[in-house]
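Heads up, the thing below is written out as structure tokens.
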Amino acid sequence: MSDLIDIFTTGGTIDKVYFDALSEYQVGPTAVADMLRQNNVQCDHRVTQLLRKDSLDLTGEDRVAIRQAAEDSEANHILITHGTDTMVETARMLGGIDGKTIVLTGALQPASLKHSDAEFNIGFALAAVQALPPGVYVAMNGRIFDPATARKDRAGGKFVD
């Protein structure tokens, strides 16, 4: 059993950056590694950027690649950052991977913004992946969700079950 936490980033709002000339946000390089370093995270972890996409642009092939990365990882604890719009869909596809605790999280505001939920959600998910039994979970804004019943409430700006 490995104490390593594999952190796979896939893009989504958490990694969006504002391009002033375009007046829009685009998915940029992952902010997760810097965030963990700046917050002096001490658990053994490895950050791998798998994708750099908005979750609405993820394909079935992308989800297969995410699943394959989780299956191939020697880590028993896996944290996946993901866009919130299709996070539950990906979480459902990860079901049935034996012996691993997999937690998906994201942000409703980019990590680059001062008032983002990104840092809290990453920290919360990092704790959750170490404490929960094997299975697949969504961790958002202080709550743990079962992907079988969770959904994003766009109007409320939160996840519900």
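The values are calculated or read from the model by the stated rules, or taken from the named source; none is laboratory data. If you're wondering where the values come from, they're calculated on a predicted model, not measured in any experiment. Every residue, glycine as well, gets a Cβ built from its backbone with ideal geometry; the counts of neighbours run over all protein chains shown.
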From the residues in segment 73-84 that are farther than 16 Å from residue 51 by Cα and not small (Gly, Ala, Ser), which one is surrounded by the fewest Cβ atoms within 10 Å (Cβ to Cβ)?
-> 74
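This table checks each residue for (1) surrounded by fewer than 22 Cβ atoms within 10 Å (Cβ to Cβ); (2) more than 22 Å from residue 57 (Cα to Cα); (3) basic (Lys, Arg); (4) touching a residue at least 40 places away in the same chain (Cβ under 8 Å).
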| residue | (1), (2), (3), (4) |
| --- | --- |
| 95 | yes, no, no, yes |
| 111 | no, no, no, yes |
| 114 | yes, yes, yes, no |
| 132 | yes, yes, no, no |
| 153 | yes, no, no, no |
Considering only segment 27-43, state which residues are surrounded by fewer than 19 Cβ atoms within 10 Å (Cβ to Cβ) and assigned to a loop (DSSP other than H, G, I, E, B).
-> 28, 29, 39, 40, 41, 42, 43
Per the filter on segment 44-72, residues touching a helix residue (DSSP H, G or I) at 6+ places or on another chain (Cβ under 8 Å), modelled with pLDDT under 95 and surrounded by fewer than 17 Cβ atoms within 10 Å (Cβ to Cβ) are 52
Restrict the check to segment 4-14 and report whether at least one residue is modelled with pLDDT under 90, surrounded by 20 or more Cβ atoms within 10 Å (Cβ to Cβ), more than 13 Å from residue 122 (Cβ to Cβ) and small (Gly, Ala, Ser).
-> yes
Taking residue 147, is it in contact with a Phe, Trp or Tyr (Cβ under 9 Å, 6 or more places away or on another chain) and in contact (Cβ under 8 Å) with a residue 40 or more places away in the chain?
-> yes
Members of segment 116-129 found to be surrounded by 15 or more Cβ atoms within 10 Å (Cβ to Cβ) and either of a type outside the set (D, E, K, R) or in contact (Cβ under 8 Å) with a residue 60 or more places away in the chain (or both), listed by number | 116, 118, 119, 121, 122, 123, 124, 125, 126, 128, 129
Six or more apart or on different chains, Cβ under 6 Å: which pairs go from a residue in segment 36-53 that's in contact (Cβ under 8 Å) with a residue 40 or more places away in the chain and within 18 Å of residue 72 (Cα to Cα) to one that's part of a strand (DSSP E or B) and of a type in the set (Ser, Thr, Tyr)? Could you list them?
-> 49/9; 50/10; 51/10
Which one of these is at pLDDT below 95 and not hydroxyl-bearing (Ser, Thr, Tyr): 131, 118, 150?
-> 118
